[in-house]
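Worksheet: one structure, shown below.
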Amino acid sequence: MPDQRADIWVHGLVQGVGFRWWTRSRALELGLVGSATNTVDGRVHVVAEGPPAALDALVEQLRSGRTPGSVTTVIDNRGPARGGISGFVER
C-alpha cells in the first residue's frame with residue numbers, strides 16, 4: 001500500500017507538557033516524517049507521512065493515555081502522501 005498523509009488534531013492539555021517532543025520521538029521510531037505544531041486554540045496539529053500501518057501505530061499511541069499531558073480527543077484525517085518532507089520537526 002502506498003504511503004499516506006495523516007492530519008491529526010490532538011485536543012486536551014497538550015501544550016507546555018513535552019507533548020510535541022514525545023510525539024516527534026514516537027514518529028521517528030516509526031519511520032515517519034512530518035511535524036507537530038502548537039495551535040493558538042491549545043491543540044496540537046500533527047502532520048505525518050509514511051506507511052499506513054506506521055500512521056495507525058502513531059494514532060494508537062496518541063490515544064493510549066500514556067502521553068505527556070492529557071489527551072481528550074484525537075481526530076485523524078488521511079489522504080495520499082504529498083512528499084517533500086524530511087525528518088520530523090516541532091513547531
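The values are calculated or read from the model by the stated rules, or taken from the named source; none is laboratory data. No experiment lies behind these values; they were computed from the predicted model shown. Every residue, glycine among them, receives a Cβ derived from its backbone with ideal geometry; neighbour counts consider all protein chains shown.
A few notes on this one:
- Pairs, first crowded, with 17+ Cβ neighbours inside 10 Å in the range 1-21, second assigned to a strand (DSSP E or B) and basic (Lys, Arg), C-beta under 8 Å, six or more apart: Gln4/Arg78; Arg5/Arg78; Ala6/Arg78
- Identification of strands (runs of 3 or more DSSP E) wholly contained in the range 1-85 with 2 or more residues that are charged (D, E, K, R), at pLDDT 95 or above and out of contact with any Cys (no Cβ under 9 Å at 6 or more places or on another chain) yields 4-13, 70-80.
- Number of the exception - Val33 against (1) more than 19 Å from Ile75 (Cβ to Cβ); (2) surrounded by fewer than 18 Cβ atoms within 10 Å (Cβ to Cβ); (3) not polar (S, T, N, Q): (2)
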